[in-house]
Amino acid sequence: MRLLEQLLRPSIARLQPYSSARDEFTGEAHIYLDANENPYPTDFNRYPDPHQRALKAALAAYRGVAPEQIFVGNGSDEAIDLLLRAFCRPGKDRIVICPPTYGMYQVAAGIQDAEVLRVPLDADFQPQVAELLAQGADERNKLLFLCSPNNPTGNLTDPARVAALLGGFPGLVILDEAYIDFAPEASWLPRLEEFPNLVVMQTFSKAWGLAGLRLGTAYASPEIIAALTKIKAPYNLNRHTQAYGLAALGRVGEMEKRRTELLQEREKLRSALNALSIVTHIYPSAANFLLVKFRTPLTIFEALLAEGTIIRNRTRQVADCLRITVGTPEENARLLRQLHRLVEQIQSTTP
Ligand SMILES: *Cc1c(COP(=O)(O)O)cnc(C)c1O
């Protein structure tokens, strides 16, 4: 990778960040008259910790990294946005994505007016390394986004290919591990020290069951994390999110129990779907969803919608495919009953 100074936007390197009242004083005081807060206690009359120290200490212990290697934000979407803003000069720089994949990378690039180079995944939904390295050599390419397990395909990215891209891509390689708690052994976090250009993104939105809380994380070298921290809103994580995230890390067993249940349900759902004549293929999944190929996907999608069951239409990303999130046993059973009824209807109307 090129030196970080060559990747970071010069205007960001020069930027003097906002210094909040709580930046200038970080000890324990008796009387706080420095931030124009209201002195009368509500649950939220004080500003939150702009450095999220307690939450980062707990995350550092749980994930086995240093607090300086952690960025916490308002969902992973904040990390994606800040990466674009820190590294891509509007109208000049590019990101590289490998469709079919998560849509936010392209949207964040659009907001920043960064160009998007698309190098599609191969037939096994793996990144095309030779192609990426050939096209990636252009020095306008600042960020390569990979997603593992990938959304919407569900598969893990081959570790040999991730390693080849980390070694050969001249910019940062962002590995989006939003679903990694469903396949924790596949995380690249333990290898952060080896690769100065690796950024691992994770989230509390999926396995942790906290999508409504908005808590996402990015892990990288202290230099990259410092660049993101420099441009974040000073109080980007509110008090409630920091406290609740900290509490969730104190009861990891709850997440693990739900994860085990969801993984069992995923496999039950897979076998049941496999037995349906309307299903032609189910892709392997390391996440909490299945990408399912149907004979008549749009008919199925509309019919489920009419029954009040929403799944995700991914036919424009992967031919004939719908993406189904694993629900509770009751929800999955209802979905399967609805699909069985559809099979009967289709069979009775086809001569
Ligand atoms: C769900 C998801 C996220 C999560 O985003 P948050 O902003 O943390 O809720 C990130 N990346 C991918 C690929 C996802 O599917």
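The values are calculated or read from the model by the stated rules, or taken from the named source; none is laboratory data. Since this is a predicted model, take the numbers as computed values, not measurements. Cβ: placed from backbone, ideal geometry, glycine included. Neighbour counts: every protein chain shown.
List every residue pair whose Cβ atoms sit under 7 Å apart, with the two residues 6 or more apart in sequence or on different chains, where the first one lies in segment 140-157 and is more than 21 Å from R316 (Cβ to Cβ) and the second, anywhere, is within 11 Å of the ligand (Cβ to nearest atom) and of a type in the set (G, A, S).
What qualifies is L156/S148; T157/S148.
Is there any pair with a first residue in segment 198-211 that is touching a residue at least 60 places away in the same chain (Cβ under 8 Å) and a second that is within 7 Å of the ligand (Cβ to nearest atom) whose Cβ atoms are under 6 Å apart and which are 6 or more apart or on different chains, and what are they?
Sorted first by the residue in segment 198-211, then by its partner, the pairs are M201/S76; M201/D176; T203/S76; T203/A178; T203/G216; S205/A211; K206/A178; K206/Y179.
Go through segment 136-152 and give me each residue that's out of contact with any Leu (no Cβ under 6 Å at 6 or more places or on another chain) and of a type in the set (S, T, N, Q).
Result: N141, N150, N151.
Among the residues of segment 110-142, write down those that are in contact with a helix residue (DSSP H, G or I) (Cβ under 7 Å, 6 or more places away or on another chain) and within 15 Å of A164 (Cβ to Cβ).
Within segment 110-142, V119, Q126, P127, V129, L132, L133 qualify.
At negative phi, surrounded by 10 or more Cβ atoms within 10 Å (Cβ to Cβ), of a type in the set (A, V, I, L, M) and touching a Phe, Trp or Tyr at 6+ places or on another chain (Cβ under 8 Å): does that describe A21?
On the way: at negative phi: yes; surrounded by 10 or more Cβ atoms within 10 Å (Cβ to Cβ): yes; of a type in the set (A, V, I, L, M): yes; touching a Phe, Trp or Tyr at 6+ places or on another chain (Cβ under 8 Å): yes.
Here the answer is yes, as A21 does meet what is asked.
If the Cβ limit is 6 Å and pairs must be 6+ apart or interchain, which residue in segment 314-329 that is without any contact (Cβ under 8 Å) to a residue 60 or more places away in the chain pairs with which residue that is assigned to a loop (DSSP other than H, G, I, E, B) and surrounded by 15 or more Cβ atoms within 10 Å (Cβ to Cβ)?
Short answer, once both residue conditions are applied: L322/I311; I324/I311.
Considering only residues that are touching a helix residue (DSSP H, G or I) at 6+ places or on another chain (Cβ under 6 Å) and closer than 28 Å to L263 by Cα, look in segment 143-167 and name the one that is surrounded by the most Cβ atoms within 10 Å (Cβ to Cβ).
That would be F145.
Conditions: (1) loosely packed, with under 15 Cβ neighbours inside 10 Å; (2) of a type outside the set (S, T, N, Q); (3) in contact with a strand residue (DSSP E or B) (Cβ under 6 Å, 6 or more places away or on another chain). Y283 meets all but one. Number of the miss?
Single failed check for Y283: (1).
Filter segment 193-214 down to the residues that are more than 11 Å from A178 (Cα to Cα) and in a loop (DSSP other than H, G, I, E, B), then identify the one that is farthest from the ligand (Cβ to nearest atom).
Within segment 193-214, the match that is farthest from the ligand (Cβ to nearest atom) is P196.
Go through (1) away from the ligand (no atom under 16 Å from the Cβ); (2) surrounded by 12 or more Cβ atoms within 10 Å (Cβ to Cβ); (3) not charged (D, E, K, R) one by one and return the number of the condition L55 breaks.
(1)
Any chance segment 210-224 includes a residue that's among the polar types (S, T, N, Q) and either modelled with pLDDT under 95 or within 20 Å of L82 (Cβ to Cβ) (or both)?
Within segment 210-224 (the criterion being among the polar types (S, T, N, Q) and either modelled with pLDDT under 95 or within 20 Å of L82 (Cβ to Cβ) (or both)), the answer is yes, since at least one residue qualifies.
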